[in-house]
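*Asks:* For reference, the structure I am asking about is given below.
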Amino acid sequence: MQALVMFLNSTNQLRNTCQFPLQPATTQMAKKRDRRVAPSSNRGKDRVESSDQSSDPKLTITLVLSFCVAAAAAVLAYRVKYAHPIANRAQSYVHQRGLVKIDVNYQEILTENAKVSENTTGRHYKYPVLAYITPWNSKGYDMAKRFNSKFTHLSPVWYDLKSQGTGLILDGRHNADMGWISELRMAGDAWVLPRVVLEAFPAELLTKKKQRSKAITLLVSECKEMGYDGIVLESWSRWAAYRILHDPSMRNLALQFIKELGDALHAVSLERNDKQRLQLVYVIGPPHSEKLQEHDFGPKDLRSLGDAVDGYSLMMYDFSGPQNPGPNAPLKWIHSTLQQLLGTDINSVLAHKIFLGINFYGNDFALSGGPGGGAVTGRDYLSLLEKHRPALRWEKKSAEHLFFYSDDEYNNHAVFYPSLMSISMRLEEAHKWGCGISIWEIGQGLDYFFDLL
């Protein structure tokens, strides 16, 4: 128990020092709602009675009518301003069943998680939804087919672009499942953009024009030969690890490479639709502090790349780790990051290009017996619930559910895993900004999560 108390104290400190200590938007909205509560009927009655004692009856009637009109107008304004931002929220199956709530228990999750709406094609989130699928988690392939119409972009994690001697090689075609892609396209219209990690040595790739041209040719040719709709490229974190982004000239070359790649992809039309061009979605991480560092991808970079990039997959997860156990993606951290990247550009062209990262996995942190922890998939989570029958807690400041348990060696653990409520609140935050979402990854979630999309 002492370890649990220490954990709660440490996580409170972590939340209080979260990068940008802004209040979550949902909390702000709740406070606004409290301030906008219309006067109760009793108060209205008291006010009318007191007026009646000291005023002319006609004046009283006029005042009452004015009050009623003003109250009606206030209610209408309230409903318009604070209407739920996600289309058809009340129609989602999990909302109809009353499952999106804070006071959830383990029995309910075990009983309800596999029950989904028979209508798997209806969308409740109007902005783009990008879903990652990994070869090591085959459930994701099935979820992509089953809920195809809920996604606009599907990104199987298949490729690496590597240095080989003095040249380059695009590794990963052996992962490609063309039968699966054919099934997807018969079932829906989601674009297939495999993820490519740029592993090539950046100093050579970026400084040598022939290397840059070769890399771009390899990527564009693979899209054409395999019939892809474009790619999701991950390179910024790799370049940061090599510390090349600290050099202004190298940083400019990095941005120039992204532009050249985007332009080359946009020069090619799709086989299935000659009016549509190959797409480029670029992976970025959150800034590391309120003051941008040289290696951070910031708002100036968003603007400088312009139309060369069609979207940005913003990785908003892994806020905590084994050395600092806690929530996966505190809501105020998400809000602060979007504010830093977009400023006041809510529902702008730039905001529409952001795919806000949402995790469908969780973490199991060891609180005693030495630091440790690991990712938790939906299957792992259900097994832990079934075995330990824990009491779930809602952590208000991060807007995440968690529970504690002791393993067979009496070591204490804390498990953070997404819930319908935590996902719903992140969808609201993304929608408020006019952002799409990107899910890592759909094979790790519970089936009824997809009813929210």
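*Asks:* Taking the Cβ of His413 as the center, what net charge do the other residues with Cβ under 13 Å away carry, scoring Lys and Arg +1 and Asp and Glu -1?
*Replies:* -4
*Asks:* Could you work out the local net charge near Pro286, counting Lys and Arg as +1, Asp and Glu as -1, over the other residues with Cβ closer than 11 Å to its Cβ?
*Replies:* Net local charge, Pro286 excluded: -2.
*Asks:* On each of the three principal axes of the Cα atoms of segment 293-411, give max minus min coordinate, whole Å, ordered largest first.
*Replies:* 54, 27, 25
*Asks:* Report the percentage of all Cα-Cα pairs in segment 278-348 whose separation exceeds 17 Å, rounded to a whole percent.
*Replies:* Of all Cα-Cα distances in segment 278-348, 49 percent exceed 17 Å.
*Asks:* How much length is gained if the chain between Arg146 and Asn252 is pulled fully straight, taking 0.36 nm per residue apart and subtracting their Cα-Cα distance, in nm to one decimal?
*Replies:* Value of the extension gain: 33.9 nm.
*Asks:* Would you mind counting up the charge near Val232? Only other residues with Cβ under 11 Å from its Cβ, with Lys and Arg at +1 and Asp and Glu at -1.
*Replies:* That sum, taken over residues with Cβ under 11 Å, equals -2.
*Asks:* Carbon and sulfur: what percent of segment 176-306's accessible surface (1.4 Å probe)?
*Replies:* Carbon and sulfur atoms account for 50 percent of the accessible area of segment 176-306.
*Asks:* For Ser313, list long-range residues whose amide hydrogen, built 1.01 Å from N in the peptide plane, is under 5 Å from its own amide hydrogen.
*Replies:* Residues meeting the criterion, in which the H sits 1.01 Å from N, are Tyr282, Val283, Ile284, Phe355.
*Asks:* Straight-line reach from Lys259: which aspartates and glutamates fall under 12 Å, measuring Cα to Cα and dropping same-chain residues less than 8 apart?
*Replies:* Reachable aspartates and glutamates: Asp301, Asp307, Asp310.
*Asks:* Please list 3J(HN,Hα) in residue order for segment 152-157, calculated via the Karplus relation 6.51 cos²θ - 1.76 cosθ + 1.60 where θ = phi - 60°; whole Hz, with x for glycine and proline.
*Replies:* Running phi through 6.51 cos²θ - 1.76 cosθ + 1.60 with θ = phi - 60° gives 9, 9, 10, 10, x, 8 Hz.
*Asks:* Okay, next question. Mind checking the full-extension length gain between His174 and Arg303? Use 0.36 nm per residue of separation minus the Cα-Cα distance, one decimal, nm.
*Replies:* Once the chain is fully extended between His174 and Arg303, it gains 42.8 nm.
*Asks:* Stretched out fully, how many nm does the piece from Asp263 to Lys115 gain, at 0.36 nm a residue minus the Cα gap?
*Replies:* Fully extending the segment from Asp263 to Lys115 adds 48.9 nm.
*Asks:* Starting from the amide H of Gly445, placed 1.01 Å from N in the peptide plane, find each other amide H under 5 Å away whose residue is 5 or more places distant or on another chain.
*Replies:* Amide H neighbours of Gly445, under 5 Å, 5+ apart: Gly378.
*Asks:* Give the dimensionless ratio obtained when the Cα radius of gyration of segment 141-185 is divided by 2.2 N^0.38 Å.
*Replies:* That works out to 1.51 for segment 141-185.
*Asks:* Can you list the HN-Hα couplings for segment 226-234, worked out from phi with the Karplus curve (6.51, -1.76, 1.60; θ = phi - 60°), rounded to whole Hz and with x for Gly and Pro?
*Replies:* 9, x, 6, 9, x, 9, 9, 9, 10
*Asks:* Which far-off residues, 5 or more places away or on another chain, put their amide H under 5 Å from the one on Ala131, with H placed in the peptide plane?
*Replies:* Amide H neighbours of Ala131: His153, Leu154, Ser155, Ile439.
*Asks:* List the aspartates and glutamates whose Cα sits under 18 Å from the Cα of Lys397, skipping any in the same chain fewer than 8 residues away.
*Replies:* Correct list for Lys397: Asp103, Asp318, Glu428, Glu429.
*Asks:* Here is a follow-up. Distance check, please: which entries in Lys101/Lys332; Lys150/Lys432; Lys126/Lys387; Lys210/Lys291; Lys162/Lys224 exceed 30 angstrom between their Cα atoms?
*Replies:* The answer is Lys126/Lys387; Lys210/Lys291.
*Asks:* Moving on. Using a simple spin-label model with points 7 Å from Cα along the Cα→Cβ vector, what separation in nm is obtained for Thr344 and Lys210?
*Replies:* Rounded to a tenth, the inter-label distance reads 5.2 nm.
*Asks:* Next question, about the same structure. Quick one: Karplus J couplings for segment 395-401, per residue in order, coefficients 6.51, -1.76, 1.60, θ = phi - 60°, nearest Hz, x for Gly and Pro?
*Replies:* Values, residue by residue: 8, 4, 5, 8, 6, 9, 8 Hz.
The values are calculated or read from the model by the stated rules, or taken from the named source; none is laboratory data. The structure presented is a predicted model; accordingly, all values stated were derived computationally and were not measured. So basically every Cβ, Gly included, is an ideal-geometry build from the backbone, and we count neighbours across all protein chains shown. These area figures cover heavy atoms from the full protein model, side chains too; ligands, DNA and RNA do not enter into them. Shrake-Rupley method; radii C 1.70, N 1.55, O 1.52, S 1.80 Å.
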